[in-house]
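Student: Quick one: the structure is below, questions incoming.
The values are calculated or read from the model by the stated rules, or taken from the named source; none is laboratory data. All values reported here derive from a predicted model rather than from experimental measurement. Because the Cβ atoms are built from the backbone with ideal geometry, glycine has one as well, and the counts that use them run over all protein chains shown. We work out accessible area using only protein heavy atoms, side chains counted, and drop any ligands, DNA or RNA first. Shrake-Rupley method; radii C 1.70, N 1.55, O 1.52, S 1.80 Å.
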Amino acid sequence: MHSTLIVARMEPHSATEVANLFGAFDDTEMPHRMGTRRRQLFSYRGLYFHLQDFDGEDGGERIEGAKTDSRFVAISNDLKPFITAYDPATWRSPADAMAERFYDWTAR
């Protein structure tokens with residue numbers, strides 16, 4: 001399984017709107033198209049964390065393939081009033097907001 005963690009900024013009062021947008025998006029076939037197995041959203045003191053688990057190791061490639069889908073474009077635009085870049089000076093794409101995993105442990 002492949003995971004990504006996006007870190008951004010979000011006003012805490014926006015959590016319901018963001019959850020509703022993702023709820024509607026995840027009710028379509030888009031998560032399956034992207035290989036998304038699980039999505040979890042977290043907030044902490046104005047920060048937004050988007051943890052996404054994918055089937056296999058090709059999650060990034062499958063998302064790249066979905067970026068031109070009108071539903072992907074729509075949710076990206078719909079989230080703009082609520083989610084802002086952690087560091088606007090360096091942000092060019094979601095890849096610039098992805099945390100780097102430096103340790104991984106799994107129960108056997």
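Student: Give the stretch 25-35 a look and list any residue that's in a helix (DSSP H, G or I) and open to solvent by less than 60 Å² (accessible area, probe 1.4 Å), or say none.
Tutor: PHE25, ASP26, MET30, PRO31, MET34
Student: Additional query: Within the stretch 9-47, which residues are under 10 Å from the mean Cα position of the chain (by Cα) and within 15 Å of LEU79 (Cα to Cα)?
Tutor: Within the stretch 9-47, PHE22, LEU41 qualify.
Student: Is it the case that some residue within the stretch 59-66 is without any contact (Cβ under 8 Å) to a residue 24 or more places away in the chain, assigned to a loop (DSSP other than H, G, I, E, B) and open to solvent by 70 Å² or more (accessible area, probe 1.4 Å)?
Tutor: The answer is no, given that none of the residues of the stretch 59-66 is without any contact (Cβ under 8 Å) to a residue 24 or more places away in the chain, assigned to a loop (DSSP other than H, G, I, E, B) and open to solvent by 70 Å² or more (accessible area, probe 1.4 Å).
Student: Which of the residues that make up the stretch 36-46 are open to solvent by 40 Å² or more (accessible area, probe 1.4 Å) and either under 11 Å from ILE83 (Cβ atoms) or touching a Phe, Trp or Tyr at 6+ places or on another chain (Cβ under 7 Å) (or both)?
Tutor: Across the stretch 36-46, the qualifying residues are ARG37, ARG39, LEU41, PHE42, SER43.
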